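The values are calculated or read from the model by the stated rules, or taken from the named source; none is laboratory data. This structure is a prediction, so every number in the text was calculated from the model and none was measured. Cβ atoms come from the backbone with ideal geometry, glycine included; neighbour counts cover every protein chain shown. Note: accessible area is taken over every heavy atom of the protein model, side chains too, but ligands, DNA and RNA are not part of it. Shrake-Rupley method; radii C 1.70, N 1.55, O 1.52, S 1.80 Å.
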Amino acid sequence: MVEELLLLLFIFMLAIFVGFETIAKIPPLLHTPLMSGTNAISGITLVGALISAGSGHTWMGTAFGLLAVIFATINVVGGFMITDRMLKMFRKKNTKD
């Protein structure tokens, strides 16, 4: 049990390191497309949450799955709203929506 927890903690720390190094080396011009791509990847989290909520093993699993669906939906929708707002900053002033 402790060995499995340590392995999961090591993978989590490695993911933090790789994510930080990846984001730090990308030029600011590519942040918007990268953000849009990560929002699409967050959709995978939503699918996993739906599977977890619908598996129906225990009521606690269903409750955590429901919470995961709610938070993943907020993450995906909020991310696309921010991306849309950032893309509006690059539009010319005289174009109509």
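Need the full-extension length gain, Thr45 to Leu67, defined as separation in residues times 0.36 nm minus the C-alpha distance. One decimal, nm.
Length gained between Thr45 and Leu67: 6.7 nm.
As a test question: what accessible area, to the nearest 10 Å², does Leu29 have when a 1.4 Å probe is rolled over all protein chains in place?
The value for Leu29 is about 140 Å².
In Å², and per residue, what accessible area does segment 1-85 have when probed at 1.4 Å with the other protein chains present?
In whole numbers, segment 1-85 has 79 Å² accessible per residue.
If each DSSP helix of 4+ residues adds -39,500 (n - 2.57) and the sum is divided by the residues in the chain, what number results at 222 nm, nearest 500 deg cm²/dmol?
That calculation yields -28000 deg cm²/dmol at 222 nm.
List the trypsin sites (Lys or Arg not before Pro) within segment 50-96 that DSSP assigns to loop and that have no more than 15 neighbouring Cβ atoms inside 10 Å. Write down the numbers at each step before the final one.
Working: sites: Arg85, Lys88, Arg91, Lys92, Lys93, Lys96; in loops: Arg91, Lys92, Lys93, Lys96.
Listed in order of number, the matching sites are Arg91, Lys92, Lys93, Lys96.
Label points 7 Å out from Cα along the Cβ direction at Phe20 and Glu3: separation in nm?
For Phe20 paired with Glu3, the spin-label model returns 2.9 nm.
Determine the relative contact order of the chain: mean sequence separation of Cα pairs under 8 Å and six or more apart, normalised by residue count, in whole percent.
The value is 26 percent.
What distance in nm separates the simple spin-label points at Ile74 and Phe12, each placed 7 Å from Cα in the Cβ direction?
About 1.9 nm separates the two model spin labels.
Ignoring ligands, DNA and RNA, what percent of the accessible area of the chain is carbon or sulfur (1.4 Å)?
Answer for the chain is 77 percent, counting heavy atoms of protein chains only.
Would you work out if the chain is rounded, prolate or oblate? Take a ≥ b ≥ c from the square roots of the eigenvalues of the alpha-carbon gyration tensor; rounded if a/c is under 1.5, else prolate when a/b is larger than b/c, oblate otherwise.
Values: a/c = 4.64, a/b = 1.53, b/c = 3.04.
Verdict is oblate for the chain.
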